[in-house]
């Protein structure tokens with residue numbers, strides 16, 4: 001029996017790291033297609049879920065009135081979702097905001113928030 005190709009296993013831990021794709025990449029479609037077994041319909045569904053998650057998470061993530069640990073948790077969730085679909089810039093910025101909020105360095109996180117909002121807008125425009 002042949003060993004399954006681990007790159008086609010949806011249950012594996014996401015091995016994609018920020019070092020594997022350039023930060024300027026808004027959406028790595030090759031990565032997305034690997035994650036969705038080259039199934040265009042599934043890729044569209046995953047992107048729709050990602051878009052909905054961005055719309056739900058971003059307002060709280062950039063809200064300075066929300067507790068830093070809560071904002072960091074939102075950033076962590078967005079980072080993981082972005083890595084899953086290959087949205088490198090969103091993942092990078094969400095990760096930097098998460099790290100800043102856990103430091104705690106809310107000023108740095110707040111300074112990065114507009115760049116994250118722009119990256120999300122640009123990425124969602126590609127969907």
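The values are calculated or read from the model by the stated rules, or taken from the named source; none is laboratory data. Just so it is clear, the structure is predicted and the values come from calculations on it, not from any experiment. All Cβ positions, glycine included, derive from the backbone under ideal geometry; neighbour counts span all protein chains shown.
Counting just the residues of the stretch 25-49 that are in contact (Cβ under 8 Å) with a residue 60 or more places away in the chain and in contact with a helix residue (DSSP H, G or I) (Cβ under 7 Å, 6 or more places away or on another chain), which one comes out farthest from residue 86 (Cα to Cα)?
47
Residue 123: closer than 27 Å to residue 31 by Cα, in a helix (DSSP H, G or I) and touching a residue at least 60 places away in the same chain (Cβ under 8 Å), yes or no?
yes
Is there any pair with a first residue in the stretch 88-110 that is without any contact (Cβ under 8 Å) to a residue 60 or more places away in the chain and a second that is surrounded by fewer than 16 Cβ atoms within 10 Å (Cβ to Cβ) and not in a helix (DSSP H, G or I) whose Cβ atoms are under 6 Å apart and which are 6 or more apart or on different chains, and what are they?
Pairs found: 110/64.
Got a sec? Which helices (runs of 4 or more DSSP H) wholly within the stretch 1-96 have at least 1 residues that are at pLDDT 95 or above and under 14 Å from residue 120 (Cα atoms)?
Here the list reads 40-61, 68-85.
Pick from the stretch 44-71 the residues that are surrounded by 20 or more Cβ atoms within 10 Å (Cβ to Cβ) and more than 12 Å from the chain's Cα centre (by Cα): which of them is farthest from residue 111 (Cα to Cα)?
That would be 71.
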